[in-house]
Number of protein chains: 2
Amino acid sequence: LKTKEPVSQELVDSALRADQQSIARLMTLIERRASGVEKVLAFLQHRTGKAHIIGITGPPGSGKSTLVSELTRRYRESGRSVGVLAVDPSSSFSGGAILGDRIRMASHSGDSDVFIRSLATRGALGGLSRAVMDCVTVLDASGKQVIIIETVGVGQAEVDIVRTAHTVAVVSVPGLGDDVQVIKAGLLEIADIHIVNKGDREGSNRTVAELRNMMHLAPPSAQSWSVPIVRTIATSGEGTSEAVGWFDAHHGWLESSGELKAKILNIAARRIQWTVDDLVSRIVTSHQPHFLELAGEVAEGRRNPYDAALALLQFIQCETKEDIH
Amino acid sequence: LKTKEPVSQELVDSALRADQQSIARLMTLIERRASGVEKVLAFLQHRTGKAHIIGITGPPGSGKSTLVSELTRRYRESGRSVGVLAVDPSSSFSGGAILGDRIRMASHSGDSDVFIRSLATRGALGGLSRAVMDCVTVLDASGKQVIIIETVGVGQAEVDIVRTAHTVAVVSVPGLGDDVQVIKAGLLEIADIHIVNKGDREGSNRTVAELRNMMHLAPPSAQSWSVPIVRTIATSGEGTSEAVGWFDAHHGWLESSGELKAKILNIAARRIQWTVDDLVSRIVTSHQPHFLELAGEVAEGRRNPYDAALALLQFIQCETKEDIH
């Protein structure tokens, strides 16, 4: 569970001064769970809590990354610094995440107040959710005023990640198929703001009407926030100022209603759960020989998965008594 | 962690005789982790290992459920019994999974050798993956000769589930956007068989050509299986016999090459891991008051998530010493 390179205080200090390369380096060390990362995160945690965390999600093909780029532009125009974490469904051999970063960065290159990072969904899932939240901590501590988490709105893990934002925007787009409608229904409950992107497309009025209908079908909420529907054309930037206005309005409402406090408690709970999952998963794989032996027994039908899992769990207590990181 | 209703031996026996309602009831008890479920699964495990497990995945809008229905029809024509587990990205309030079941069942109603079940992606993810595999165990033990696991090909968890099949078919469809291409690239590595559905659509030749190109870009595999591309029109059933032929060919190759054994070992390992995740998650939530207290401390910045996770893990050893289920 240890890696050679420890995290230096210089690196942390310069990340706190919002140095782009240091932030990037720190995130890489977090993804690798380098030695000392836990202490650094505990240290950074005390410097967080100021950022507005926004989640943006929607089906494939809804133009999310262009939209995020344009929203970033609007925030910059209002003088706010922005961090973007894009959770990309990418291939290990196509190197999608890295390629994605380059394309995304291009339109904001040279702006030291914009930091963009793609995180590939490859690898352990508990690990990914945890890594995203730790990267939010880094961006928040480095002084980014707005942090955007972007995920595709399919896949429970991806939806769970975006729900850790304060404000969730669900992106729809006219003219996608029935399957996509089902997915949208699943996302309906988590939307604080609806964005109908590609608003100049045929059928966008129908999409807006459908959203309104679906919202009326939802059980009435005890909360007083009324979910707005914003129409955007991300490619031209149209409607993105209005969207930012609604994000700000939602944040104001969260604060005045007391909902923000409840949300932060909920986020903390998820974060602990994901950390537990990640730690357990790493302990299990660190007992590789024993794990493989058990897998062999299960494969041959000599043991059932439940007994094997119990056997592995016996190791956890002694591991957690030592220092895990 | 206990629920009132235990699983009766009568229910298990009648599920083993492939009684539809008993299989359905048993699966519900598994999803709820009713008392005695672990023992039942251990018992059923000894009766498994005969089914050919097929995974079918692809982007939203690729017509997977129609395709699965037609493949089921082909298998039935060749005299084989079929179980289908569809992992649906559905909403809790739209009741998508249940609705989906009804629509899916309609075309095979009255056929006691077809069992179809939708599993909603709601709830704990470790729990879902585990539940899917346990449902495979039930179907296998009940004598289903072919088991199809259908998931949307976006979302790491959904892809991970489908990878537990012996044979994975990735469904593409002509004319989807760039985002979908990226997703397809991510799925390319897991395909044993490619299916280009809606093969009568404009652009299907291009889709086939693109797939061939992408396959040439992939690192050469040490394995001797050459991935075929099958064109189907699910709505008319065209090409589905050919697809079934390739599934059978792949299964034959798995057996003769020795790959099946490696695959089964791998599946066992994942299954143990998911069971560990699920058990740990249930232990954590069963310490709700303590968990909430820790979440409160993290939310207020008095503790970091890592320390909170370590504190929770201290409980696991004593829990696993008792009987968990």
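The values are calculated or read from the model by the stated rules, or taken from the named source; none is laboratory data. Given the structure is predicted, the values throughout are model-derived calculations rather than measurements. Cβ coordinates were reconstructed from backbone atoms using ideal geometry, including for glycine residues, and neighbour counts include every protein chain displayed. Heavy atoms of the whole protein, side chains included, go into the accessibility calculation; ligands, DNA and RNA do not. Shrake-Rupley method; radii C 1.70, N 1.55, O 1.52, S 1.80 Å.
Kindly indicate the residue of the range B:70-84 that is without any contact (Cβ under 8 Å) to a residue 60 or more places away in the chain and at negative phi and also nearest to the other protein chains (Cβ to nearest Cβ) among those meeting that condition. If you could, list the steps in order and put the result at the bottom.
In the first step, residues of the range B:70-84 are kept if they are without any contact (Cβ under 8 Å) to a residue 60 or more places away in the chain; the result is B:76-77, B:79.
This time we only want the ones that are at negative phi, so: B:76-77.
Numbers: B:Arg76: 25, B:Glu77: 27 Å.
My answer is B:Arg76.
Between a first residue in the range B:299-325 that is open to solvent by 20 Å² or more (accessible area, probe 1.4 Å) and a second residue that is of a type in the set (Asp, Glu) and modelled with pLDDT of 80 or more, which pairs have beta carbons less than 7 Å apart while being 6 or more apart in sequence or on different chains?
Matching pairs, first to second residue: B:Arg303/B:Glu297; B:His325/B:Glu38.
In the range A:280-290, how many are open to solvent by less than 30 Å² (accessible area, probe 1.4 Å) and either farther than 15 Å from A:Ala309 by Cα or of a type in the set (Gly, Ala, Ser) (or both)?
To start, the set of residues in the range A:280-290 that are open to solvent by less than 30 Å² (accessible area, probe 1.4 Å) comprises A:280-281, A:283-284.
With either farther than 15 Å from A:Ala309 by Cα or of a type in the set (Gly, Ala, Ser) (or both) added as a condition, the list becomes A:281.
Total meeting the criteria: 1.
Output the residues belonging to the range A:228-244 that are open to solvent by less than 40 Å² (accessible area, probe 1.4 Å) and away from chain B (no Cβ under 14 Å). Talk me through it step by step, then tell me what you get.
Within the range A:228-244, the first condition is being open to solvent by less than 40 Å² (accessible area, probe 1.4 Å), and the residues that meet it are A:228-230, A:232-234, A:237, A:239-240, A:243-244.
Residues satisfying the conditions are A:Pro228, A:Ile229, A:Val230, A:Thr232, A:Ile233, A:Gly237, A:Gly239, A:Thr240, A:Ala243, A:Val244.
Condition check ((1) at pLDDT 90 or above; (2) closer than 16 Å to A:Thr28 by Cα) across all residues:
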| position | (1), (2) |
| --- | --- |
| A:Ser112 | no, no |
| A:Arg122 | no, yes |
| A:Gly143 | yes, no |
| A:Val146 | yes, no |
| A:Gln156 | no, no |
| A:Arg163 | no, no |
| A:Val173 | no, no |
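Being at the interface with another protein chain (Cβ under 9 Å from one of its Cβ atoms), more than 17 Å from the chain's Cα centre (by Cα) and in contact (Cβ under 8 Å) with a residue 12 or more places away in the chain is the filter here; which residues of the range B:45-61 pass it?
First, pick out the residues of the range B:45-61 that are at the interface with another protein chain (Cβ under 9 Å from one of its Cβ atoms): B:45-46, B:48-49, B:59-61.
Retained after the next criterion (residues that are more than 17 Å from the chain's Cα centre (by Cα)): B:45-46, B:61.
Listed by number, the residues that qualify are B:Gln45, B:Gly61.
Got a number for residues in the range B:42-63 being in a helix (DSSP H, G or I) and open to solvent by 10 Å² or more (accessible area, probe 1.4 Å)? Steps first, answer last, please.
Step one: filter the range B:42-63 for residues in a helix (DSSP H, G or I), giving B:42-45.
Right, trim to open to solvent by 10 Å² or more (accessible area, probe 1.4 Å) and you get B:42-43, B:45.
Total satisfying the criteria: 3.
Being in contact with a Gly (Cβ under 9 Å, 6 or more places away or on another chain), open to solvent by 10 Å² or more (accessible area, probe 1.4 Å), under 20 Å from B:Ser109 (Cβ atoms) and acidic (Asp, Glu) is true for just one of B:Glu70, B:Glu77, B:Glu31. Which residue is that? So that I can check it myself, show each step before the final result.
Details: B:Glu77 fails: in contact with a Gly (Cβ under 9 Å, 6 or more places away or on another chain); B:Glu31 fails: under 20 Å from B:Ser109 (Cβ atoms).
On inspection, the qualifying residue turns out to be B:Glu70.
How about the range A:137-167: which of its residues are part of a helix (DSSP H, G or I), farther than 19 Å from A:Leu279 by Cα and not acidic (Asp, Glu)?
If the condition is that a residue be part of a helix (DSSP H, G or I), farther than 19 Å from A:Leu279 by Cα and not acidic (Asp, Glu), then A:Val138, A:Leu139, A:Ala141, A:Gln156, A:Val159, A:Val162 are the ones that fit.
Please specify each residue of the range A:295-306 satisfying the condition of being over 34 Å from the mean Cα position of the chain (by Cα) and at the interface with chain B (Cβ under 7 Å from one of its Cβ atoms). Explain how you work it out, then say what you get.
Restricting attention to the range A:295-306, the residues satisfying the condition of being over 34 Å from the mean Cα position of the chain (by Cα) are A:296-304.
Matches in the range A:295-306: A:Gly296, A:Val298, A:Ala299, A:Gly301, A:Asn304.
For the structure I just gave you, tell me whether B:Asp101 is modelled with pLDDT of 90 or more and open to solvent by 30 Å² or more (accessible area, probe 1.4 Å).
no
Specify the residue that is nearest to B:Ala169 (Cα to Cα); the eligible residues are those in the range B:251-272 that are open to solvent by 30 Å² or more (accessible area, probe 1.4 Å) and within 7 Å of chain A (Cβ to nearest Cβ).
Within the range B:251-272, the first condition is being open to solvent by 30 Å² or more (accessible area, probe 1.4 Å), and the residues that meet it are B:251-253, B:255-259, B:261-266, B:270.
If we keep only those that are within 7 Å of chain A (Cβ to nearest Cβ) too, we end up with B:264-265.
Values: B:Ile264: 18, B:Leu265: 20 Å.
Among residues in the range B:251-272 that are open to solvent by 30 Å² or more (accessible area, probe 1.4 Å) and within 7 Å of chain A (Cβ to nearest Cβ), the one nearest to B:Ala169 (Cα to Cα) is B:Ile264.
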